[in-house]
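Following: one structure in structure tokens, then a few remarks.
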Amino acid sequence: MGDRVLMAPSILSADFTRLAEAVSLVEEAGADYIHVDVMDGHFVPNLTIGPPVVAALKKSCSIPLDVHLMIDNADETVGWYLDAGADLVTVHVEAVRHLHRVVQSIHAAGAKAGAVLNPATPVSLLRDILPDLDLVLLMSVNPGFGGQKFIEGVVGKTRRLAEMCAAAGVSPLIEIDGGINEETAPLVTAAGARVLVAGNAVFGASDPAAALKAIRAAGEGAIR
Ligand code: DX5
Ligand code: ZN
């Protein structure tokens, strides 16, 4: 496990009328991914962006797009996001019917594949798919909205996932999404997380670039 923390600012909390500016700002601040929250109004009680916006973002940014699908029908529509230029696609185990098949189709398109777990979903569900995953995303809020409070239980869950990966001899990146800020980042990186999503704590800050750097520094400071 490396000692670098990758930052994936979530544009859900950015100004949707000025997305290109938001993306440039965090890119210049050293962001590693742009985290794109796709919500369908069915799997989660909110509706956000779809393939055309992913394609537009792809044109206006040079770092990889981390596309988080919070949708019921990823089995049928994951190709839309791959065609739009997603570099990493994460799908919820609670929503897909054939996780292995979806992961295979993401890989066949040349992208990286990740599985997402809601706060109440146990990491044990991933045991047999772990070797096929590039990344596991643990939700530290119930998906649907930015600006929610971090759920502390994800810290122990992160540790259990890291142990499970070590026991299986695999090393997918562990990403955490929801309520990440300077205070919560060290809790999850100490437990094994290496990718941090942050929406409100970055785009809600008066200086988003400084906020991004401070969260990364706080996370890296906790890695022994
Ligand atoms: C929530 C989304 C998150 C959200 C995080 O459903 O998946 O990516 O943007 O926002 P913050 O960092 O504000 O909790
Ligand atoms: Zn997300």
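Could I have the simple spin-label model distance between S171 and I129, label points 7 Å from Cα toward Cβ, reported in nm to one decimal?
2.3 nm
Could you compute the net charge surrounding R97? Neighbours are other residues with a C-beta less than 13 Å from the C-beta of R97; K and R count +1, D and E count -1. Could the numbers behind the result be given before it?
Working: positive: R101; negative: D72, D75, E76, E94.
Net charge around R97: -3.
Which FRET efficiency value, to the nearest 0.05, do you get for S24 and A120 by plugging their Cβ-Cβ distance into 1/(1 + (r/R0)^6) with R0 = 45 Å?
After rounding to 0.05, the efficiency reads 0.75.
Among G199, G153, G178, which one moves the most in a GNM of the chain with springs linking Cα atoms closer than 10 Å?
The residue that fluctuates most here is G153.
Just to be sure I understand: with springs between alpha-carbon atoms less than 10 Å apart, which residue in E182, E76, E152 has the highest mean-square fluctuation in the Gaussian network model of the chain?
E76
Under a plain spin-label model, where a point goes 7 Å from the Cα along Cα-to-Cβ, how far apart in nm are R97 and A222?
3.9 nm
How far, in nm, would the chain grow between R4 and M164 when pulled straight, counting 0.36 nm per residue and subtracting the alpha carbon separation?
Here the answer is 55.5 nm.
Tell me, in nm to one decimal, what length is gained between D87 and E182 on full extension, where the rule is 0.36 nm per residue of separation less the Cα-Cα distance?
Using 0.36 nm per residue and subtracting the Cα-Cα distance, I get 31.5 nm.
Dividing the alpha-carbon Rg of the chain by 2.2 N^0.38 Å yields what? Please list the in-between numbers first.
On the way: Rg = 15.8 Å, N = 224, 2.2 N^0.38 = 17.2 Å.
In units of the 2.2 N^0.38 Å rule of thumb, it is 0.92.
Over the range 6-221, give the accessible area per residue in Å² for a 1.4 Å probe, as an integer.
41 Å²
On the protein heavy atoms, probe 1.4 angstrom, tell me the percent of accessible surface of the chain carried by carbon and sulfur. Provide the component values of the computation, followed by the final result.
On the way: 4950 of 9570 Å².
Ligands and nucleic acids excluded, carbon and sulfur reach 52 percent.
The values are calculated or read from the model by the stated rules, or taken from the named source; none is laboratory data. Small disclaimer: the values here were computed from a predicted structure and weren't measured. Reconstructed Cβ throughout: ideal geometry from the backbone, glycine too, with neighbour counts over all protein chains shown. Side chains included, ligands, DNA and RNA excluded: accessible areas come from the protein's heavy atoms. Shrake-Rupley method; radii C 1.70, N 1.55, O 1.52, S 1.80 Å.
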